[in-house]
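Only one structure is covered here, and it is reproduced in the block below.
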Amino acid sequence: MNSIVINSAKYYEKHAPDRSMLVSRSICAKIEGKNVWIPIDLANIYYLEIMRQVESGTLVIEPADEPETE
């Protein structure tokens, strides 16, 4: 795979209305100048590239903001 330009990445979390459980988690990344929502999925090439860049120390994923509810 050619290197994908990822400028930034941030976790996004959605919680149940009572905040008792996490409903979904994904990453919002700026990839080649565009905001892209990336599922946390080992079959997703963008997720794999984000993790490769994190492991190599060239990218840091920012933590999620305060929980959102459904």
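Among (1) surrounded by 15 or more Cβ atoms within 10 Å (Cβ to Cβ); (2) in a strand (DSSP E or B); (3) free of Cβ contacts under 8 Å to residues at least 40 places away in the same chain, which single condition is Y47 missing?
Only one criterion is unmet by Y47, namely (2).
Any idea how many residues of segment 50-70 are open to solvent by 50 Å² or more (accessible area, probe 1.4 Å) and over 11 Å from the mean Cα position of the chain (by Cα)?
The number of residues fulfilling the criteria is 11.
Go through E49, E62, E32 for me and flag whichever is in contact with a Phe, Trp or Tyr (Cβ under 8 Å, 6 or more places away or on another chain) and acidic (D, E).
Exactly one residue qualifies, and that residue is E62.
Might you check whether a residue that is at pLDDT 95 or above and open to solvent by 50 Å² or more (accessible area, probe 1.4 Å) occurs anywhere in segment 15-31?
So far as segment 15-31 goes, yes, one or more of its residues are at pLDDT 95 or above and open to solvent by 50 Å² or more (accessible area, probe 1.4 Å).
The values are calculated or read from the model by the stated rules, or taken from the named source; none is laboratory data. It should be emphasised that the depicted structure is a prediction, and the values quoted were computed from it without experimental measurement. All Cβ positions, glycine included, derive from the backbone under ideal geometry; neighbour counts span all protein chains shown. What goes into the accessible areas is simple: the full protein's heavy atoms, side chains included, and nothing from ligands, DNA or RNA. Shrake-Rupley method; radii C 1.70, N 1.55, O 1.52, S 1.80 Å.
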